[in-house]
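Notes for the one structure printed next.
The values are calculated or read from the model by the stated rules, or taken from the named source; none is laboratory data. Bear in mind the structure is a predicted one, so any value in this text is a computation, not a measurement. No Cβ is skipped: glycine too gets one built from the backbone with ideal geometry, and neighbour counts run over all protein chains shown. Each accessible area value is taken on the protein alone, full model and side chains, heavy atoms only, with ligands, DNA and RNA left out. Shrake-Rupley method; radii C 1.70, N 1.55, O 1.52, S 1.80 Å.
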Amino acid sequence: MTTPAPASTATVDLATRFPGVVQLDARPDYTGFIVEKDSLLEVAAAIRDEFGFDLLSSVTGVDYAPDKMEVVYHAYRTSGGPGLAFKVQVPRIDPVEVPSLIHLWPGVDLQEREVWDLLGIKFSGHPDLRRILMWEGFEGHPLRKDWKEGFYEEDVKPFKSRWPQGKFAMAEDLNPFGDNLTFPKNFEPEKWIPEGEALLYGALARYTVENEDGISSDRIVINMGPHHPSTHGVFRAVMTLEGETIKGLKPVLGYLHRNHEKIGERNTFLQNMPYTDRLDYFNSMTNNFGYALAVEKLMKIPVAERADYIRVIVSELSRIQNHFVFIGTLLNDLGAMYTPSLYAYEERELVLDIFEAISGSRMMCNYYRFGGVVRDIPDDVMQKIKDLVYERIPPKTDELDRMLSENEVLLARMRGIRMINAEDAVAYSITGPVLRAAGVPYDVRRADPYGIYDRFDFDVAVRYNGDLMDNYLIRIDEIRQSLRILDQAIRQIPQGPINSQKPAYQVRVPAGEAYGRIESPKGELGFYVLSNGKPNPWRYHVRAPSFVNVTALEKISVGTKIADFVVLLAMFDMVMGECDR
Amino acid sequence: MDSETFNLPQYEIPEDLRHAVAVTTLDRLYNWGRRSSVWPLMFGLACCAIEMIAAQTARYDMARFGMEVMRPTPRQADLLIVSGTVTKKMLPPIVRLYNQMPEPKYVVAMGACASGGGPFKEGYNVVAGIDKFLPVDVYIPGCPPTPQALIAGLIKLQEKIDRQIIKEASWYKRKVKDPNYVPVPILGPDLIDPRRAADIKAAAAQEE
Ligand code: SF4
């Protein structure tokens, strides 16, 4: 049985290093430090350079209505160990403003834009502070507690209209516009001039340039997406080209922004579990894991021993199928239309069969509960898992490896094309296989073990060239390591209860904050959950690896050829459900 | 389809010609051709798109129904499978894609989200069902619908195609140009449907 680690803050004494401007966060069950706004840059620089927290994992904001707002940072060491949370508090009077950390950690770029978009906290010094998930011209900052959407009924669930009486009303009937809409008073649609995308295009590299010979020429602006077969969903990149070389690039996100966090703050804690399935919809099993960890930390409850093993088994199975599909779609993007994907999906189907047998759904498993899992793995399914792990997947991995890794065309397209170097990868907060392929052996399973990952013997897959080929090979390495973990977990799994708690629709979560993070197949997946003792989280933030990784896209792509861009993008293994949330 | 099923039941074909000759209507022949080569737009929105991909793979093999040729461009597609959550930000591109598809064109709403908003209905950026903007031919329930469910939905679409009559088909009517054209929504302070501009103005004036 594992109990959640009590306080995951590293033992650094920031308060004595910076007397007067840094205080220990003394609120009960809060961790970290509160930094004075004016000294933030200085303190952050010390955190990075003196204390060695080089990876700024997450930036988010909290609206403590009615009086103050807070920006929360989580920093980690790439050498491993627990993290450090530091916070800045500002009065909730517009304009709410905090200095931007973009010059220390360029990886905060998109995250700060998100906080501005959703919470209306300005980051002074940010060079390109535009909305990111919503569009320019949208009214209000949706995650503020006093902002109400078109289908607003009540602050928290369960709604009185539905429970306990069981009446219902169509949300459309309750809204004056008859739809999910809110408009300011006396709004006149015909007079509206759309904001357009002038700001976006303004942020790109200059349109007309003069080359060395003094001839001025225009760059071509290309929009790729949101409908494009190789952008893996509704991702859009706007770029300026000179010939075939990319000169400027801005990602445009939000085409799948489903308001996960706003809905999550209205749901009860348990109601959020199925929503996490829909973040990275390839890996509902690992998404559940992160959220369960965060809430278990808050509730301070242990996890049943058998459930711990089950969690590892399903997570690693999920990682395997994810990487198979990754390889399939990568080959698709390289032009090997469909055949490799068909091979990949064959294995994925077998894993999904297991998920369906234990959870009832192929993709949206909703399998974890606080303190354990919801259903046990029956013996016959366990046998299927064994067959898969021992008989089926190893030869299939070898087969894939043999078919592809030495392939002439693949080598020509991928070898030597640099993705990112280690230093930049850390600065840009990249996590997951892309970071490890750049030579940084950082894997949350090893760096800051959660669940029972400290019991297993496995290697953190790492490659050192950081080119596209390494980014591809590392996926195969990881499949092999996952098989090793699975082998040990299957041997060691004990019998016993699968949940340390009684099944309940409503869990009691004491006030406090928790940051649960796991190594999802795409990178570090973090859940920042804040409870004030009520049945619903006060703040619920998802630190999605796809979203943070894509910050570096501009850095990576500028200077490469447009044909390589598709492959560079594929290497992030993005899932828009998680990226846009 | 073999000549046996092609043949209209009222017509007796002599025994020895049964494998060579069939008497049928133009509609039936025409619809048979169309229903057997529906080309969907290669267009994924969210989680449901993954099941749409799974439906094309070896285990489910949508190709059996003549639907495997996913076209990345709307100009070559007959069918728009709305596979996932439609957000307000994504709606203008979707409507534009739809408008660019040549007639006859069909829309399948795959999954709870596309059919009515699904689990994310209350979200401020979510459109509660694509049918508020596009005419939907088949709704497929599920979150996500399994590949089998998707295929069942597409078979329903084929049945619908079977029943269409050339003479009455809207896309051959000369009088109306572009009968299914949908005005592209505008992103304002919130989503503006140009067809409802007057309503919106009236309701906004009412607000207290
Ligand atoms: S219906 Fe369910 S599976 Fe499909 S897009 Fe919506 S949330 Fe995802």
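Taking the accessible area of the stretch B:93-152, probe 1.4 Å, and keeping the other protein chains in place, the carbon and sulfur fraction comes to 59%. Across chain A, the longest piece that holds none of the GluC sites (Glu not before Pro) lying in DSSP loops with up to 10 other C-beta atoms within 10 Å covers A:1-211. Residues in chain B average 45 Å² of solvent-accessible surface per residue, probe 1.4 Å, ligands and nucleic acids excluded. Could you tell me what percent of the accessible area of the stretch A:203-266 is made up of carbon and sulfur, with a 1.4 Å probe and every protein chain present? The computed percentage sits at 45.
Restricting the stretch A:477-506 to trypsin sites (Lys or Arg not before Pro) that sit in a DSSP loop and have at most 12 other Cβ atoms within 10 Å of their own Cβ leaves nothing.
Only alpha carbons enter this Debye calculation for the stretch A:211-292, each as an equal point scatterer, and the log10 of I(q)/I(0) it gives at q = 0.25 Å⁻¹ is -1.13. With all protein chains in place and a 1.4 Å probe, the accessible surface of the stretch A:433-503 carries 46 percent carbon and sulfur. With N as its number of residues, the stretch A:419-503 has a Cα radius of gyration that, divided by 2.2 N^0.38 Å, comes to 1.34. In terms of distances greater than 29 angstrom between alpha carbons, the cross-link table entries B:LYS105/B:LYS201; A:LYS68/A:LYS297; A:LYS167/A:LYS534 yield B:LYS105/B:LYS201.
When the Cα atoms of the stretch A:140-179 are aligned to their principal axes, the ranges along those axes come out at 34, 22, 8 Å in descending order.
With a 1.4 Å probe and all protein chains left in place, how much accessible area per residue does chain A have, in Å²? I get 36 Å² per residue for this part. Extents of the stretch A:461-581, largest first, come to 56, 40, 21 Å (Cα atoms, principal axes, whole angstrom). More than 18 Å apart: what percent of Cα pairs in the stretch A:364-519 qualify? Summing the P(r) tail past 18 Å for the stretch A:364-519 gives 71 percent. Given the C-alpha centroids of the stretch A:248-287 and the stretch A:367-408, what is the distance between them in whole angstrom? With the stretch A:248-287 and the stretch A:367-408 each reduced to a Cα centre, they are spaced 26 Å. Per residue, the convex hull spanned by the alpha carbons of the stretch A:49-105 comes to 82 Å³. When Rg and the Kirkwood radius Rh are both evaluated on Cα atoms of chain B, their ratio Rg/Rh stands at 1.06. Relative to the longest principal axis of the Cα atoms of chain B, the long axis of helix B:26-35 makes an angle of roughly 60 degrees.
Helix B:147-162 and the longest principal axis of the C-alpha atoms of chain B enclose an angle of approximately 70°. To the nearest 0.05, how large is the calculated FRET efficiency for A:MET170 and B:ALA152 if R₀ is 25 Å and r is the Cβ-Cβ distance? For A:MET170 and B:ALA152, the calculated efficiency is 0.35. If you take the Cα centroid of the stretch B:45-70 and the Cα centroid of the stretch A:162-205, the two points sit 34 Å apart. Counting only other chain Cβ atoms within 10 Å of each residue's Cβ, the peptide B:52-64 averages 3.
When the inverse distances between all different Cα atoms of chain A are averaged and flipped, the Kirkwood radius reads 24.9 angstrom.
Taking 7 Å steps out from each Cα toward its Cβ at B:LEU17 and A:GLU188 produces label points 7.3 nm apart. The Cα trace of the stretch A:78-222 gives Rg and Dmax of 21.9, 78 Å, the first to one decimal, the second as a whole number. With only the Cα atoms considered, the stretch B:103-166 has a convex hull volume of 81 Å³ per residue.
When DSSP beta bridges are restricted to pairs lying wholly in the protein assembly as shown, around 75% turn out antiparallel. Under 29 Å of direct C-alpha separation, and excluding same-chain neighbours fewer than eight residues apart, A:LYS396 reaches these lysines: A:LYS384, A:LYS386, A:LYS522.
To the nearest hundred square angstrom, how large is the accessible surface buried between A and B, total for both chains, probe 1.4 angstrom? Its buried surface, counting both partners, is about 5500 Å².
For the stretch A:71-119 versus the stretch A:463-539, the inter-centroid distance based on Cα atoms is 23 Å. Here the gap between A:ALA26 and A:ASP379, fully extended at 0.36 nm per residue and compared with their Cα-Cα distance, gives a gain of 122.2 nm.
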